[in-house]
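One structure is given below, encoded as structure tokens.
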Amino acid sequence: MNPFINLGIRHDIVNAISELGFENPTPIQEQSIPVLLTGSNDFVGLAQTGTGKTAAFGLPLLELLDFEENHPQALILCPTRELCLQITNDIKNYSKKMGNVNVVAVYGGASISDQLRQIKRGVQIVVATPGRMLDIINRKAIDFSQVKFVVLDEADEMLNMGFQEDIDSILSTTPDTKKTWLFSATMPTEVRRIAKKYMNEPFELTMGTKNTGNANIEHEYYIVRARDKYAAFKRIVDFNPDIFGIVFCRTKIETQDIAEALLKDGYNADSLHGDLSQQQRDKVMKRYRDRSLQLLIATDVAARGIDVNDVTHVINYSLPDEVENYTHRSGRTARAGKTGVSISIINAKELGKIRQIERGLGKKFVKAEIPTGFDVCEKQLFSIVHKIHDVQVNEQQIEQYLPRIMEEFKDLTKEDFIKRFASIEFNRFLDYYKNAPDLNAPLEEGRRFERDGERAPRGEAGKSEYTRLFINLGSVDEFNRGDLLGYICNQSKISGRTVGKIDVKGVYSFFEVPNADVEKVTAGFNGAEFKGRPVRIEISGEGSSERREGGGGGYPRREGGYNRERSGGGERREGGYKGGDKNGSAGGGFRDFSGKRKEDRPERRRRF
Ligand code: AMP
């Protein structure tokens, strides 16, 4: 017998969910459905998103309500519009063989009159975000006096978003006799408090240990210098050719900058943040769900409630402030029994935060190494090989061209042909990564590292206290870093301690000096000659090392099914500096992160 029937779910619902591919109940469904079906308990479920909790409360609701009556009997409150639509859609799917089930989604950012009209027509289940719900209650457009069940979904998120008062007001319009079912990924004291306030001896169900998060998620962290973060991030992406990921940033500006940079570097990415209109957000989400976007760059607030299956990686480009947020972020992967990886790219100073999250989750994180250029090339090569092997051939379409294709290749042996085919994409990676530096931050580098670390935010988030200068001398002139430092100090009369990173190349080099010293340095080199050659100093257009690797155009990603909407990209710019202009733009490279803008601060959250 179908296991859902055994749990007490009726046939027409079981038939509908079978069509959705629900063959066996998930653990939370198995444990909560029998309890909730009694209809006589308050309930607290500590469960992550992706565990199947919508059906865990949705199926019992469909069993318990009287659909002959057309007035609100169940109210489901959730934090975001996305989740609201998701739940509404799920319940409609579960009930599609039942008839006379009316569910309405009530959320902000959409026409209120449409929602009012639907309510007027008669509904039994209202799925709502608190703000809009309260608005409708205040207009006296809905009657909750006969509500039997209230579900508070993602309660911790609703509190995080400052909805406590709204929830209080909404619940005060529902009868005392109703049962309240609360679901939350985490159980901070605030959630405990509302559980206590609204519930009477609730049945408590904890899936897994408190706060451990989803067992199918592997947690990894990479330690890099802040300036190398973007390059390291791209390398991780390149090392995972089939990545379908969500990248979390702390600010709207950071999401935009990274998405733009990725686009210019030929990746398929877009940003999702609070400044977008609802229409824009829907568009981005649709592209992501359809997988025409490979990387979604999002802020915590904007990504709340995102329910997309098969997300392979969550990348914490910036760590969140709180463990709870980390749990929510990482819960976007490994949904519905799948596995996933949650990656944090940090600098050494943030190691303490990782330990804190580890403690909060009760889970050990794995310290991973940024792959070498060689690793990436090898990984990409075999990804291409597998794709060629597994590609679905459209026999009909290709047939007409086959004679000509065969003719073109008639001189090649099978081996030659295979080599060439695989090389089409591989060569690009090989070319791009052939001199790729090690991006792992050496912890034992001690003071030097700390110095980098202190200056890190400049490169990363854009407070430009240092300027990167180009000099037309390099290793061919027999300079190493020490020699060049000595030469620069001697020539410009600045202290060696103030000089930042020095990058000696072949016929040229880069070095960083405090902004305040730029004039002094350029003046110091005015008219200078080296072995009879004029020495040229210019403000580098190439930017810091994070931009160097792929920043100036970057590797144009081609392979794979994701990159359908790839824009721009451009070939990798040779020789670094030549591609730049004096204003700090690497010409096709990513928008300079320097010049931190006023609005570049974490999205403001209404705190509970
Ligand atoms: P949720 O935690 O409710 O957001 O569910 C996460 C995902 O798992 C959704 O895409 C559901 O459609 C799917 N799902 C829920 N229950 C089951 C089940 N019993 N079998 C297979 N998939 C499920």
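A short reminder: the numbers here are calculations on the coordinates, not readings from a lab. If you're wondering where the values come from, they're calculated on a predicted model, not measured in any experiment. Glycine also receives a Cβ, built like all others from the backbone with ideal geometry; neighbour counts cover every protein chain displayed.
Would you please put 227-240, 377-390 in order of how densely packed they are, using the mean number of other Cβ atoms within 10 angstrom per residue and starting with the highest? Don't skip to the end; give the middle numbers.
Values: 227-240: 24.1, 377-390: 15.5.
Going from most to least packed, we get 227-240, 377-390.
Taking other Cβ within 10 Å of each residue's Cβ, how do F374, F183, F4 sort, fewest first? Mind dumping the intermediate values first?
Working: F374 12, F183 27, F4 24.
So the ranking, lowest neighbour count to highest, is F374, F4, F183.
Report the charge-dipole magnitude of segment 259-307 in Debye, nearest 20, computed about the Cα centre from +1 at each Lys and Arg Cβ and -1 at each Asp and Glu Cβ. Walk me through the intermediate numbers first.
Values: 8 positive and 8 negative charges, 39 e Å.
Dipole of segment 259-307, to the nearest 20 debye: 180 debye.
Give the order of T51, T498, T189 when sorted by the count of other beta carbons within 10 angstrom, beginning with the fewest.
Values: T51 23, T498 14, T189 6.
The fewest-first ordering by Cβ neighbours comes to T189, T498, T51.
Could you order the peptides 417-427, 145-155 from most to least packed, using the average number of other C-beta atoms within 10 Å per residue? Let's see the in-between values first.
Details: 417-427: 14.3, 145-155: 21.9.
Peptide ranking by packing, descending: 145-155, 417-427.
From the Cα trace of segment 374-432, what convex hull volume per residue do you get, rounded to a whole Å³?
Values: hull volume 5.6 nm³, N = 59.
Hull volume over Cα atoms, normalised by residue count, gives 95 Å³.
Arrange the following residues from fewest to most other Cβ atoms within 10 Å of their Cβ: V106, V366, V123. Write down the numbers at each step before the final one.
Values: V106 28, V366 10, V123 20.
Least to most surrounded, the residues fall as V366, V123, V106.
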